[in-house]
Each structure stands twice: as C-alpha cells, then as structure tokens.
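Chemist: The structure under discussion is supplied below as structure tokens; questions concerning it will follow.
The values are calculated or read from the model by the stated rules, or taken from the named source; none is laboratory data. Worth saying up front: this structure is predicted, and the values here are computed from it rather than measured. Note that we place each Cβ from the backbone using ideal geometry, even for glycine, and neighbour counts take in every protein chain shown.
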Amino acid sequence: MNSEQIIEVRGLTKKFKSLIAVNNLNLNVYRGDVFGFLGPNGAGKSTTIRMLLSLIKPTDGSIKIFGMPLKENREKILGKVGAIVEKPDFYMYLSAYKNLEILGKLSGADTSKKKIMEMLELVGLANRFKSKVKTYSHGMKQRLGIAQALLHDPELIILDEPTTGLDPQGMKEIRDLIIYLSRVKNKTIFLSSHILREVEIITSRMIIINKGTTQVEGTVEELLKSDNVSVTFEVDNISKAAEVLNFTMWNKNLKSKEKNQLLLEMPQNEVADLNKHFIENGISVSAVIPVKSLEDYFLKITEGGSK
C-alpha cells in the first residue's frame with residue numbers, strides 16, 4: 001500500500017439542528033486506493049461527500065486532501081478532484097460530445113476534440129458521440145457523467161452511488177470502468193455505495209458507517225479472511241453474557257450487541273471454545289450463526305446494533 005494520504009479526515013461532524021448526520025468520523029484514503037465508503041441509505045455517506053467537496057461546511061472536525069487543509073486550499077484541491085454526486089445533469093437535447101464541450105469549458109478543462117473523444121472512448125460512448133443525451137439509457141448517462149468528471153484529468157475521483165438504478169449490465173460496465181481507472185490510469189477512487197456485492201469485488205480498502213458513525217474499517221480480506229469469522233451468538237441473557245465476555249480475551253472481538261445477540265469477529269477455531277465458556281458460566285446459547293459474506297456482515301452491523 002502506498003503510504004501517501006490522499007484524504008485525511010479527523011473528527012468530522014455535521015449537525016442539522018437536532019439531527020447528527022455525521023458523527024466524529026475518521027477516514028484515511030491512500031494513493032491508489034479504490035476506497036469503499038459503505039453504509040445503508042441515510043447513514044451519512046452523501047453528507048460526508050458534500051463536505052469533502054466543500055458543498056456544505058462541517059460543524060466540527062478537519063478535512064485534508066492531498067495533504068492540504070480543504071478550508072484554506074479549496075480551489076487548488078478541487079482542481080485535482082473529479083466527482084459525481086447523485087445523478088449527473090446534462091442538456092438532454094444536445095449530443096454527448098456537445099455536452100462535454102460546454103461543461104468542460106465551464107470548468108476550465110481541456111475541450112479539444114481529441115480530449116473529448118478520448119474520454120468518450122474511455123467510457124465506451126465514442127460510437128454514440130453524436131446522439132442526443134435524451135436517447136441514452138440510465139447507464140449511458142452515468143458513464144457520460146464519469147467522462148465529464150474525468151475531463152480535467154483529476155488525481156482523485158469521488159463517486160456517490162454510481163450504480164444506483166442500473167441493471168446488472170450497467171453495473172458491470174461501471175465496475176469495469178472503475179477497475180480500469182484504478183489499475184491502468186492510476187487514479188485514486190472514493191466509492192460510496194450500499195450495494196455490497198459491487199464493493200466486495202473492486203475495492204482495496206473500505207469503511208462501513210451507520211448513523212454517521214464508523215462501524216468497521218479495513219480491507220475486504222481482513223474483514224472476511226478465512227481464519228476469521230463474524231459470528232452471532234444468540235443467548236438467553238444478553239447483559240450477563242456481555243459481562244462474562246468482558247472478562248475474557250474475546251472481549252476485544254465484540255462488534256455489536258442487541259436484543260439477545262452478540263456479534264463477534266474472531267478466529268474460526270475459537271468459536272467452539274467461546275461457546276463452551278458461555279455454557280460453563282451459566283449462559284444458555286440457543287444458536288451460533290456464522291456470517292459468510294460482506295453483505296451478511298454489513299447487515300449484521302448496521303441493523304440497529306451498537307458497537
């Protein structure tokens with residue numbers, strides 16, 4: 001992993017009156033990462049992205065991008081960032097080519113014919129460059145949005161839910177494009193999504209947030225590696241079980257507890273030992289449920305559990 005930090009966020013908080021949308025969030029994105037920024041709808045992902053792009057101001061905390069504080073270096077930083085936030089907007093009655101030319105000129109990007117056609121080729125739209133955007137599918141509009149974001153050759157690309165509303169083919173096209181931008185074009189990509197399967201395939205590192213707060217951070221491999229499992233213990237007395245757990249080496253493995261369930265991330269070969277320990281200490285264990293995929297893991301830690 002390249003140790004150069006591209007995004008460094010510390011204690012980021014955003015309050016809208018009584019609503020805390022983002023709560024004391026820390027982020028570390030390194031050069032070359034495809035960084036998955038995951039969470040259910042309403043978790044605070046879009047609010048965080050708007051703060052990264054200085055579209056809204058944080059209530060508290062700091063943001064550094066390319067090693068520079070965003071607040072004091074906004075123009076310099078954003079000149080090296082490309083982004084799609086929500087659905088990209090275009091002039092529907094103009095061609096894809098004309099849209100990129102106009103939008104590129106507005107942002108001060110290179111709008112030579114060579115550059116525009118190179119971007120359209122990159123996103124697989126060169127053969128439809130004369131077509132009016134109103135004739136494009138949703139997936140084609142998303143790819144045109146990425147072409148627009150790439151016109152000024154940014155170092156960092158921020159994509160907010162780029163596959164929302166796409167069919168499986170459209171999702172695959174966006175996924176392949178992200179992989180290409182990362183591996184061939186050496187771009188750093190910050191990818192917000194709630195579609196876990198997509199993220200599991202393409203990200204190098206990831207964070208899962210819920211209710212504006214970090215739940216877990218690491219690589220997909222770290223979270224799902226074969227010798228470590230996420231496992232739920234269903235018990236008869238959650239407070240007693242948590243107390244028993246507190247005096248064991250497994251206490252550090254606890255990820256969440258809710259109702260009658262404890263979720264732990266732990267070595268697979270220790271699950272039986274912990275189960276035995278619970279029983280020996282008078283805890284009745286009604287089920288031991290392993291979590292096998294990132295999607296299951298994600299649901300377990302975002303469906304109301306507290307860390």
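Chemist: Which condition number does E155 fail, the rest of (1) modelled with pLDDT of 90 or more; (2) buried (at least 19 other Cβ atoms within 10 Å of the Cβ) being met?
Modeler: Of (1) modelled with pLDDT of 90 or more; (2) buried (at least 19 other Cβ atoms within 10 Å of the Cβ), only one is false for E155: (2).
Chemist: I'd like to check something: does region 36-51 contain any residue that is touching a residue at least 40 places away in the same chain (Cβ under 8 Å), surrounded by fewer than 16 Cβ atoms within 10 Å (Cβ to Cβ) and farther than 18 Å from H194 by Cα?
Modeler: Among the residues of region 36-51, not one is touching a residue at least 40 places away in the same chain (Cβ under 8 Å), surrounded by fewer than 16 Cβ atoms within 10 Å (Cβ to Cβ) and farther than 18 Å from H194 by Cα, which makes the answer no.
Chemist: Which pairs do you get when a residue that is over 24 Å from R10 (Cβ atoms), found in region 193-222, comes within reach of a residue that is of a type in the set (V, I, T) and assigned to a helix (DSSP H, G or I), reach meaning Cβ atoms under 6 angstrom, with the pair 6+ apart or on two chains?
Modeler: That search, which allows pairs on different chains as well, returns E200/V220; I202/I178; I202/I179.
Chemist: Would you mind stating whether G82 is more than 18 Å from E155 (Cα to Cα), surrounded by 14 or more Cβ atoms within 10 Å (Cβ to Cβ) and either in the same structural domain as V199 (by TED's automatic domain parsing) or aromatic (F, W, Y) (or both)?
Modeler: Details: more than 18 Å from E155 (Cα to Cα): no; surrounded by 14 or more Cβ atoms within 10 Å (Cβ to Cβ): yes; either in the same structural domain as V199 (by TED's automatic domain parsing) or aromatic (F, W, Y) (or both): yes.
No.
Chemist: Are there any strands (runs of 3 or more DSSP E) wholly within region 244-307 with 1 or more residues that are over 18 Å from V229 (Cα atoms), of a type in the set (D, E, K, R) and at pLDDT below 90, and if so which? Quick ask: steps written out before the conclusion?
Modeler: Values: elements: 254-258, 261-267, 285-291.
Fully inside region 244-307 and qualifying: 254-258.
Chemist: In addition: Are any residues in region 200-211 of a type outside the set (K, R) and modelled with pLDDT of 85 or more, and if so, which ones? Please lay out each step first, then the result.
Modeler: Start the filter on region 200-211 by keeping residues that are of a type outside the set (K, R), which leaves 200-204, 206-210.
If the condition is that a residue be of a type outside the set (K, R) and modelled with pLDDT of 85 or more, then I202, T203, S204, M206, I207, I208, I209 are the ones that fit.
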